[in-house]
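Read through the structure below, which is laid out as structure tokens, and then see the notes.
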Amino acid sequence: MENSRAAWKPLEITPEEAETTADADGLAAYLSTLDDLEGLLAEKKALVLRGFGVAEAELDPVMDHLLPNRLAYVHGNSPRTKVGNNVYTSTEYPAEYVISMHNELSYAHAWPTRLLFTCVVAPASGGATPVVDGTLWLASLDDEVREAFADGVRYTQNLHGGRGLGKSWQDTFETEGREDVEAFLQETEASWTWLRDGGLRVSQDRPSTTRHPLTGDEVWFNQADQWHPAGLGDETAAALAKVLPADELPQNVTFADGSPIPTQYVTQIRDRGLEFAVDVDWHQGDLLLIDNVLVGHGRRSYAGDRRILVAMCN
């Protein structure tokens, strides 16, 4: 396992290697020459585009090459702010917390195939984006854990109607209309209930692994450790348990049959993902493109200002 951990890291591309100028125009020109970006990304799993100094105002032409069909962050569970045409802040969790490894929207019926991160302001220290090979993450788990998850998981969201813990259903689905939410959910094989206080409860059963459509690789592909109370840490989980039962938390997860997931499974999944991850440190103007099926991502804690933008496509 140690040799496997050292065997993969993202492909780094600089202006010198791309034989182009060190600016956004040079990067766009280089990207226009790539005949098979999809194949390159499936082979390398993640690309770091470093040294081009791309500013926030210069992103659109670059994104047109990297993300041909930019998606809205609908049904996302992470706190974000929309700052452009389907461009968002990467996350707004407090700087002192590490965000564990995950594949974006892996709990949903459909997920983006690619994610693009752009560094607008690099942190004073820390703040790397760790990335993990999903096949390695799966292989790192004990047989007992993989077998327990073989039948999948059940995610439950309790989304308030404007006041409460977690996200509102309006923010989550980027709409004020209940009929829009229901139309979306009808396509996702989810079940839902409108609550008397104006909130919405959504439940959905999902597999714990998936296979990449091009490579056929099986990868760990769920967010059980992020949705489980144990993933919040002992103190936070204990505090929440005093206030709310598990089925009323903003988000919760069980095995697909409704039985609880043991805490030790959750901590193993979280810790192994972070252990086998490779950190991508940020410099202003860097970009990181990842295959969202083959690669999980997270965030290290940091000090100082940090502004990383994210966009995604199918």
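Here are a few things to note about the model shown:
- Net lengthening on full extension, R163/D36 (0.36 nm per residue, minus Cα-Cα): 41.0 nm
- Beta bridges by DSSP in the chain, antiparallel share as percent, to the nearest 5: 95
- Alpha-carbon spread of segment 69-202, three principal axes, descending order, Å: 42, 42, 32
- Ranked list, fewest to most other Cβ atoms within 10 Å of each Cβ, for H102, H160: H160, H102
- Where a label projected 7 Å from the Cα of E19 along Cα→Cβ would reach, residues of segment 41-59 with amide N under 19 Å: 50, 52
- More than 25 Å apart - percent of Cα-Cα pairs taken over segment 138-271: 33
- Charges were assigned to the Cβ only: +1 to each Lys and Arg, -1 to each Asp and Glu. The resulting dipole of the chain about its Cα centre is roughly 800 debye.
- Spin-label model distance (nm) - E189 vs R307, 7 Å beyond Cα toward Cβ: 4.1
- Among beta bridges from DSSP that stay inside segment 138-271, the antiparallel ones total about 95%.
- Separation of alpha-carbon centers, segment 270-314 and segment 109-181, rounded to whole Å: 13
- Using the empirical formula 2.2 N^0.38 Å as the baseline, the Cα radius of gyration of the chain reaches a ratio of 0.99.
- The label-point distance for K9 and E43, in a model that sets each label 7 Å from Cα toward Cβ, rounds to 2.0 nm.
- Distance (nanometres) between label positions extended 7 Å along Cα→Cβ at D257 and D180: 4.1
FYI, it's all coordinate maths here, none of it is from the lab. Computed from a predicted structure; not experimentally measured. Glycine also receives a Cβ, built like all others from the backbone with ideal geometry; neighbour counts cover every protein chain displayed.
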